[in-house]
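Worksheet: the structure to be examined is printed underneath.
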Amino acid sequence: MMKAYVGLPYTPLADNSSITSNNFLSSGNGSGTGDSITSDDFFSSGNAPKRCCCEWIVSLCRCLLAPLAWIKCIFVGLFQCVTWSCPSPNEWDFVIYLLRFVAYAASTAGVRDGTLQAVVDLSTIAGPILSIWLGKGVSRCAVSSTLNPTETLGGRGEWLWPKGEGRNNDTAPPLPETHPKVILYFHGGAFVLCNSVTHRVITYELCRRTNVPVCVPLYSRPPHAKFPLALNQMTDIYENFVSHYGASNIILAGDSAGGNLCLTTCLNSFQNRGLPPPGNVVLLSPWCDLTVESESQPSMKDNAPTDYLPVPLISRFSADYLPDDTMPDNPLVSPLFADASDLRSACPNVFLCYGTGEELLDQNRILAQMLQPTELVELEKMPHWMRIICPKPAYGLSRIVDFINTN
């Protein structure tokens, strides 16, 4: 079955011989393309604030297009306030409770996925605040158009690096000559939601604790962009990173749908483009089975009380991601359907972390059997990936940092 799916439609990369490390790793505002643009051009003033304001206006307008859904969502939310209670005064449990509250209210109210996406994209407004709150010891800049030609509502992504170790007065990321390793992080959000800003709580910590630059590229998202567009975009970016860093120096990391993209990018790169696998792969609660049958797995029902993801919402996001002519058991959609030996060859050194309280528990345990990861971490009673970012050593972040620093 695997051979029936290995071919993917994609536009091959242009000749990269003219792309130098200076413009590939330069900071950007999305204002241009080509190897003639220097890092100083990428940092021309004025574009970032205007783009943020434009995003805010566009997202707000999209949110206001569904007033009846939001009124229903408010009433559902009020009902939940009366009938539900936060299980613990712990701050992280409270965050998870709020996520559950919002997810179930939006799902029950029938808020459209495009509207949910717009709401989450409003988080870009909080970007400067998050940088002040989380960014101690970390510098950042926008990803350049040379690195990621894809322009999304949230931009092209961002670079993070240890403060004071960048170029051009610390306004652009360091080159591989001084920082040979890099973390390429694919954000989660069921393919539909989130962006580089929403995941700063983990990407800033990874950069600060490992002293390794982090790149978080953005990809085109459903419902307007279907498979395999995001996969091909991330594969293109991985191919460029291999040419600049070497595969063995790349730590490919991602959570949830981002973990899916890590696995499928490795498969696509290894099988269809002949690229070597990354040195390390870090998978955090990856969503690795998008079939309808996965929704009837025991953990989907058993862990519904402890997780924050409504199963109907998972089904909707899966349908958004897949075009009508694509089978969900395509291994480049659902890596659980890949040949186990192919998966291990494409991802030879893996850190896998998930919780026993999440609805994706069963599929993650199957993935663990297939991958035979270098390090496997099961976090007791943890819902879908959120507690991984908790700073306590008992949770996953410290284990991730140890894995990256020792491999």
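Tabulated data
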{"quantity": "Inter-label distance, nm, simple model (7 Å from Cα along the C-beta direction), A368/E151", "calculated": "4.5 nm"}
{"quantity": "Amide proton proximity set for W287, modelled H, under 5 Å, gap of 5+", "calculated": "S256, A257, G259, N260"}
{"quantity": "Radius 15 Å from Cβ of Y219, net charge of other residues (Lys, Arg +1; Asp, Glu -1)", "calculated": "-4"}
{"quantity": "Net length gained if the chain between S243 and T356 were fully extended (0.36 nm per residue, minus Cα distance)", "calculated": "36.8 nm"}
{"quantity": "q = 0.24 Å⁻¹: log10 I(q)/I(0) that the Debye formula gives for the range 191-268, counting C-alpha atoms only", "calculated": "-1.31"}
{"quantity": "Percent carbon-and-sulfur accessible area, the range 181-279, ignoring ligands, DNA and RNA, probe 1.4 Å", "calculated": "55 percent"}
{"quantity": "For the range 187-233 and the range 349-376, distance of Cα centres in Å", "calculated": "20 Å"}
{"quantity": "Among 269-281, 300-312, 211-223, the order from most to least packed when residues are scored by Cβ within 10 Å on average", "calculated": "211-223, 269-281, 300-312"}
{"quantity": "All-pairs alpha carbon distance profile, the range 128-218, 5 Å steps from 0, percent", "calculated": "3, 15, 26, 27, 19, 9, 2, 0"}
{"quantity": "log₁₀ of I(q)/I(0) at q = 0.08, 0.13 Å⁻¹ - the range 215-370, Debye sum with one point per alpha carbon", "calculated": "-0.21, -0.57"}
{"quantity": "Contact order relative to length of the range 256-407, as percent, for alpha carbon pairs under 8 angstrom and 6 or more apart", "calculated": "28 percent"}
{"quantity": "Formal net charge of residues neighbouring A319 (Cβ-Cβ distance under 15 Å; K, R +1; D, E -1)", "calculated": "-4"}
{"quantity": "Packing-based ranking, highest mean first, of 182-188, 250-256 given that Cβ atoms within 10 Å are counted", "calculated": "250-256, 182-188"}
{"quantity": "Two-decimal Rg to Rh for the range 153-306 - Kirkwood Rh, Cα set", "calculated": "1.00"}
{"quantity": "Karplus (6.51, -1.76, 1.60) ³J(HN,Hα), θ = phi - 60°, over the range 275-291, in Hz, Gly and Pro reported as x", "calculated": "8, x, x, x, x, 9, 10, 10, 10, 10, 6, x, 8, 10, 9, 9, 6"}
{"quantity": "Equivalent ellipsoid dimensions for the range 287-361 as semi-axes, Å, which come from the Cα gyration tensor, largest first", "calculated": "22, 19, 9"}
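The values are calculated or read from the model by the stated rules, or taken from the named source; none is laboratory data. The structure presented is a predicted model; accordingly, all values stated were derived computationally and were not measured. Here the Cβ is made from the backbone with ideal geometry for all residues, glycine too, and neighbour counts use every protein chain on show. Protein only, heavy atoms only, side chains kept; ligands, DNA and RNA dropped before computing areas. Shrake-Rupley method; radii C 1.70, N 1.55, O 1.52, S 1.80 Å.
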